[in-house]
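The values are calculated or read from the model by the stated rules, or taken from the named source; none is laboratory data. Please read these numbers as outputs of a predicted model, since none were measured by experiment. A quick note on method: Cβ atoms are made from the backbone with ideal geometry, for glycine too, and the neighbour counts reach across all protein chains shown.
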Amino acid sequence: MDGVPRVPEQRRAGSCALQPSAAPPRTAPLSFGVLGPVRARRGSEQLSTGSPQQRALLAALLLREGRTATAGELIDAVWGEEPPSQALAALRTYASRLRKVLDPGVLVSESGGYAVRGLAEGALDLAVAQDLAAEAEKAKSAGDLCHARELLGRALALWDGEALAGVPGPYAEAQRVRLEEWRLQLLESRLDMDLEQGCHAEAVSELTALTAAHPLRERLRELLMLALYRSGRQAEALAVYADTRRLLADELGVDPRPGLRELQQRILRADPGLAEPPSPQAEPAAAPVRPAQLPATVPDFTGRAAFVQELGEVLSSAEGRVMAVSALAGIGGVGKTTLAVHVAHQARTSFPDGQLYVDLQGAGSRAAEPETVLGSFLRALGTADSAIPDSLEERAALYRSVLDGRRVLVLLDNARDAAQVRPLLPGTEGCAALVTSRVRMVDLAGAHLVDLDVMSPEEALSLFTKIVGEERV
């Protein structure tokens, strides 16, 4: 996108008063992140987690996975050996503030301490990463290296910089070290699978950067030596060993570990066992899936000519833009869906890669969750169930990736608010979205806003005539 949100365009076709955009409901699911800055979200909306010390408290509770932490343990986690004189009062204040932000019953007091309870499955990014790593190990044991590598890639993608970034205290620092070590282990496992699948040439550049960032990590240097050797760069592989030996002697006063020394000897004698594994057979590319989910258009559609032209022009401008979005607002029964479906059908030829449709049920008490809709859209676009991640953020990212380079029209009918809509927008050049809602989405950045009123008397008469016949009017 161009980096600066555009002021939404506005158009009023009548005097009908519209409801203001609704605030996100508290019933949207909570999710938390610790593999980067400590974050809390309700649905797609980010919540304020307060001061660094307040975030340190939240992180300490999240990392205990539901176990109760005493007040003393939490004071040590937040301040270390030199807490302030009013540490207990401050701790209670932070807990009280977090309770106001989170759902009732999530942050509980128990036995003189606190715990975070009742989180939905997949609500914590660390837990998601742990599950993905466990599934990757199972896939590897079953011989499915391709799937195992994909699962590890998804786990690693959950990191957003340094874990617990900006969180003070000795507990957070110890956890940062632990999580970084685990991340590197996952990365080494994934790179090992890359080499097993014959992707040694691609791995060389990544391993070169990693060994520069972690010069004393021998496993990374071992993988780099193997990748270089299999790329036909024997001399460079041996140079890596020589550099490693000098570095370990200078920094730690030790020799390389036995596995690294053995690899050097095998490279020297060109051991046939080091030859690259056979490349996996490329599967024939599947034909792209082109969903056609639009409801049937009304055959006797009439009127709304100005709106049809206006919306058609917005959709036709999708090519060459990051995203073309039109949001129709109006009272229930005014004809938003009928108009949107009619316009979408007229624009089908401009979107040859498919059309997606969903009724978001925003006017009812059980509006559709974006995670569920994204899962449905991804399946319609040809994504296998096993490749669909669990979290909203991962699904939205995969959805945008699948749409990249394609021209797809997305019709989001009966939306509750902008928060429900945002994760479902394509966000890629050449795609477009039509949104209908009872609220004006002034907070949907870059959207072309259209307010739909009741038909004019002339349009209503024309429609009535078309339905009952001219002779009966």
Condition set under 22 Å from Glu202 (Cα atoms) and surrounded by fewer than 12 Cβ atoms within 10 Å (Cβ to Cβ), scope region 267-278, selection nearest to the chain's Cα centre (by Cα): answer is Pro278
Residues (crowded, with 16+ Cβ neighbours inside 10 Å and part of a loop (DSSP other than H, G, I, E, B)) located in region 234-266
Pro256
Name the pairs whose Cβ atoms lie under 9 Å apart, with the first residue in region 314-340 and hydroxyl-bearing (Ser, Thr, Tyr), the second assigned to a loop (DSSP other than H, G, I, E, B) and at pLDDT 75 or above, and 6 or more positions between them or separate chains?
Ser316/Ala347; Ser326/Ala447; Thr337/Pro295; Thr338/Thr297
Run down Ala380, Ala368, Ala397, Ala384 and say which single residue is at pLDDT below 85 and on the phi < 0 side of the Ramachandran plot.
Ala384
When you go through (1) modelled with pLDDT under 90; (2) closer than 30 Å to Ser437 by Cα; (3) touching a Pro at 6+ places or on another chain (Cβ under 9 Å) one by one for Pro20, which number turns out not to apply?
(3)
May I ask you to say which residue of Gly112, Gly169 is assigned by TED's automatic domain parsing to the domain that holds Trp79 and touching a residue at least 40 places away in the same chain (Cβ under 8 Å)?
Gly112
Given the condition hydroxyl-bearing (Ser, Thr, Tyr) and within 19 Å of Leu30 (Cα to Cα), answer yes or no: does some residue in region 95-103 qualify?
yes
Could you check, for region 89-96, whether at least one of its residues is in contact with a strand residue (DSSP E or B) (Cβ under 8 Å, 6 or more places away or on another chain), surrounded by 15 or more Cβ atoms within 10 Å (Cβ to Cβ) and farther than 16 Å from Tyr171 by Cα?
yes
Have a look at Ala95, Ala115, Ala123, Ala87 and point out the one that is under 26 Å from the mean Cα position of the chain (by Cα) and aliphatic (A, V, I, L, M).
Ala123
Going by the structure shown, is Tyr399 of a type in the set (Ser, Thr, Tyr), under 21 Å from Gly312 (Cα atoms) and either in contact (Cβ under 8 Å) with a residue 12 or more places away in the chain or surrounded by fewer than 20 Cβ atoms within 10 Å (Cβ to Cβ) (or both)?
no
Looking only at region 111-131, count how many residues are charged (D, E, K, R) and touching an Asp or Glu at 6+ places or on another chain (Cβ under 6 Å).
0
Residue set Arg407, Arg416; condition under 13 Å from Gln355 (Cα atoms), touching a residue at least 60 places away in the same chain (Cβ under 8 Å) and among the basic types (Lys, Arg); output residue Arg407
